[in-house]
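Taking it in order: structure first as structure tokens, then the write-up.
The values are calculated or read from the model by the stated rules, or taken from the named source; none is laboratory data. Values in this document were obtained by computation on a predicted structure and should not be read as measured data. When we count neighbours, we look across all protein chains shown, and the Cβ atoms used for this are built from the backbone with ideal geometry, even at glycine.
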2 protein chains.
Amino acid sequence: MAELDNLKKASAHAGPLPPKGSIPNISVDNLIFGLENGSLKVLLIRHNIDGKRKPWALPGGWIHFDEDLRDAAKRILHLHTGVEGVYLEQLKTFGKVDRLPFGRVATVAYYALVSTEKCPLIANDDRPDAMWCDIHDVPNLAYDHNEILDFGLKFLRHKIRHEPIGFNLLPEKFTLLELQDLYEAILDCTLDKPNFRRKMLKMKLLESCNEKQTGVAHRAANLYRFDAEAFEKLSSQGFSFEF
Amino acid sequence: MAELDNLKKASAHAGPLPPKGSIPNISVDNLIFGLENGSLKVLLIRHNIDGKRKPWALPGGWIHFDEDLRDAAKRILHLHTGVEGVYLEQLKTFGKVDRLPFGRVATVAYYALVSTEKCPLIANDDRPDAMWCDIHDVPNLAYDHNEILDFGLKFLRHKIRHEPIGFNLLPEKFTLLELQDLYEAILDCTLDKPNFRRKMLKMKLLESCNEKQTGVAHRAANLYRFDAEAFEKLSSQGFSFEF
């Protein structure tokens, strides 16, 4: 009976148990950043419980006992939004004592940066509402989800100065202006055009395609592609984007 | 009774419950790197249970229901080794399905880089064995602790190329050779001396003290101090140590 008492105590502390087969006291949340027409967005969902709309939140949930953490994050992202094929990286675990009103749950946050175009949200009757929300228009979110978002945004902005994480969101051949638009969206600032070009080319991460844009009304710009091999080399030495 | 059944089920999956007042299914582990005479070490402990020596492990344990994650990590580090006053940063959460033989537990790993001299291990009858183990001599550790160590080591080596995380381990005034020793210990390689000096000085993170070493048998070297203000500025722009 001592064990059962212990068990009850744990449950009382932990609040409502997760569904059968899921681990109590630990969850996952997904922070999915999306780029859309030069704007940075974040993927939010809103559950409808008994006809009552809950606050907007990051798509998250409980982990099955037989499931690795990242697999749980992937499953839940698809379950709630229909989004799949996204490479999720662990961001940080948030576990403050009072982060949830109903008990003690630490959440392992995963993040990704995607092109919204390639990650359509698929609604169905079992899914909560979902939207790509502009980063400037994020409402008060459930629990500590605004804190997770703020942390993730700082992390992303720091990371993009050290790693070419945004390049995979561009077409294979892109102009320097397209690249600058991407950096400006993520960093939420205006970069000096000649300075950006000079520094970006100096890093030798871009290879000229010796081709120009076609079908544009304005003067056609040169096209570049990302040189993955050069990046590998630079990356192993440690480098950063200086602009 | 459904709730109780659920509870039992969770417990069966989770294996032995942690002590009363602690959260099931989640723990913390501390990866404490120490520098000692130009060598990189890691802090390990070995529990003695019923007179039986367990494998060496990272100092870790269960989290109290009323305790934040980092506070738990700090408490457990002190509990097992006597080490205190260390600034712990979250590294990553390890949560593979089968990482522990007795049930499903995800562990939030914290790390720090310290000078072993400033973190003496204090033995007492309630504490497990503890040692600063040279990074080249680490034995097979308990559970997935070798994996946590490998991840942390890669993380540290990446980080030290972007942030001056080792400077606080040096005396306030130090020589370039002392600085190079520190980098060589962490990166586990030999750096070219003229190259290291040239690149380090070029970054303008070091301020000359206009003083030389005293009381040395060899030719006295110039002393430098770390320029925190210059680092702040560089850091906000994103920079890296290039050597």
Of residues in the range B:58-81 being part of a strand (DSSP E or B) and surrounded by 23 or more Cβ atoms within 10 Å (Cβ to Cβ), the one farthest from the chain's Cα centre (by Cα): B:Ile63
Some residue of the range B:153-165 being in contact with a His (Cβ under 9 Å, 6 or more places away or on another chain) and touching a residue at least 40 places away in the same chain (Cβ under 8 Å): yes
Any hit, the range A:199-208, residues being acidic (Asp, Glu), at negative phi and in contact with a helix residue (DSSP H, G or I) (Cβ under 9 Å, 6 or more places away or on another chain): yes
Selection count where residues are exposed (fewer than 12 other Cβ atoms within 10 Å of the Cβ), closer than 30 Å to A:Gln90 by Cα and over 16 Å from the mean Cα position of the chain (by Cα), scope the range B:105-139: 2
Candidate set: the range B:190-228, residues that are under 26 Å from the mean Cα position of the chain (by Cα) and aliphatic (A, V, I, L, M); chosen: the one surrounded by the fewest Cβ atoms within 10 Å (Cβ to Cβ): B:Ala228
Flag for B:Leu156 being surrounded by 12 or more Cβ atoms within 10 Å (Cβ to Cβ), more than 30 Å from B:Val105 (Cα to Cα) and within 14 Å of chain A (Cβ to nearest Cβ): no
Residue under evaluation B:Leu121, criteria (1) more than 14 Å from chain A (Cβ to nearest Cβ); (2) touching a Ser or Thr at 6+ places or on another chain (Cβ under 6 Å); (3) not in a loop (DSSP other than H, G, I, E, B), criterion not met: (3)
Matching residues in the range B:151-169 - criterion: being more than 22 Å from B:Thr116 (Cβ to Cβ) and either in contact with a strand residue (DSSP E or B) (Cβ under 9 Å, 6 or more places away or on another chain) or part of a helix (DSSP H, G or I) (or both): B:His158
Odd one out for B:Phe33, checked against (1) of a type in the set (Phe, Trp, Tyr); (2) modelled with pLDDT of 95 or more; (3) under 21 Å from A:Asp68 (Cα atoms): (3)
Hits in the range A:87-97 (condition: at pLDDT 95 or above and more than 7 Å from every other protein chain (Cβ to nearest Cβ)): A:Leu88, A:Glu89, A:Leu91, A:Phe94
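Per-residue answers, yes or no, for (1) over 30 Å from B:Ile63 (Cα atoms); (2) of a type in the set (A, V, I, L, M); (3) touching a Lys or Arg at 6+ places or on another chain (Cβ under 9 Å):
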site	(1), (2), (3)
A:Phe33	yes, no, yes
A:Leu43	yes, yes, no
A:Ala73	no, yes, no
A:Thr81	yes, no, yes
A:Gly103	no, no, no
A:Asp126	yes, no, no
Conditions (1) without any contact (Cβ under 8 Å) to a residue 12 or more places away in the chain; (2) in contact with a strand residue (DSSP E or B) (Cβ under 7 Å, 6 or more places away or on another chain): number failed by A:Glu178: (2)
Lone qualifier among A:Glu89, A:Glu147, A:Glu84, A:Glu67 - being acidic (Asp, Glu) and in contact (Cβ under 8 Å) with a residue 40 or more places away in the chain: A:Glu147
Odd one out for B:Phe94 among (1) surrounded by 21 or more Cβ atoms within 10 Å (Cβ to Cβ); (2) within 12 Å of B:Leu43 (Cα to Cα): (2)
Selection within the range B:40-57 - more than 14 Å from the chain's Cα centre (by Cα) and either within 14 Å of another protein chain (Cβ to nearest Cβ) or surrounded by fewer than 20 Cβ atoms within 10 Å (Cβ to Cβ) (or both): B:Arg46, B:His47, B:Asn48, B:Ile49, B:Asp50, B:Gly51, B:Lys52, B:Arg53, B:Lys54, B:Pro55
Residues of the range A:170-196 satisfying the condition of being part of a loop (DSSP other than H, G, I, E, B) and in contact with a helix residue (DSSP H, G or I) (Cβ under 7 Å, 6 or more places away or on another chain): A:Leu170, A:Thr190, A:Leu191
